[in-house]
Amino acid sequence: MRKHLRRIGVLLFLVALIPSCELLEDCKSCTLMVGSTPGATATYCGDALAEKEAEYEEIGGVASYYDCQ
């Protein structure tokens, strides 16, 4: 019985670690900016955050980029 409780405890500990990996990454809330008008906002972490921060496009003199804070 004690062995089963220990296994369940270890399993619960490992399951609790899975979402905490995101906490180790740098996460920010990013808002799509088209010109000076804000658009949709979402949270990005890690590599996805780096991509959004580097994204910049200009079409017809109107810039679109992500403002991440």
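Laboratory data are not the source of any read-out in this text; all were calculated from the coordinates shown. Everything quoted here is computed from the prediction, not taken from an experiment. Don't worry about glycine lacking a Cβ; one is built from the backbone with ideal geometry, like all the others, and counts go over all protein chains shown.
Each peptide among 3-10, 29-36 gets the average number of other Cβ atoms lying within 10 Å of its residues, and from highest to lowest they stand as 29-36, 3-10.
Here the Karplus relation 6.51 cos²θ - 1.76 cosθ + 1.60, evaluated at θ = phi - 60°, turns the backbone of the stretch 27-42 into coupling constants of 10, 9, 8, 10, 10, 6, 10, 10, x, 10, 9, x, x, 5, 10, 8 Hz, with x for every Gly and Pro. Simple spin-label estimate for SER36 and GLU55 gives 2.4 nm between the two label positions (7 Å along the Cα-to-Cβ direction from each Cα).
Expressed as a whole percent, how much of the Cα-Cα distance distribution for the stretch 25-69 exceeds 12 Å?
So the pairs more than 12 Å apart make up 56 percent of the total in the stretch 25-69.
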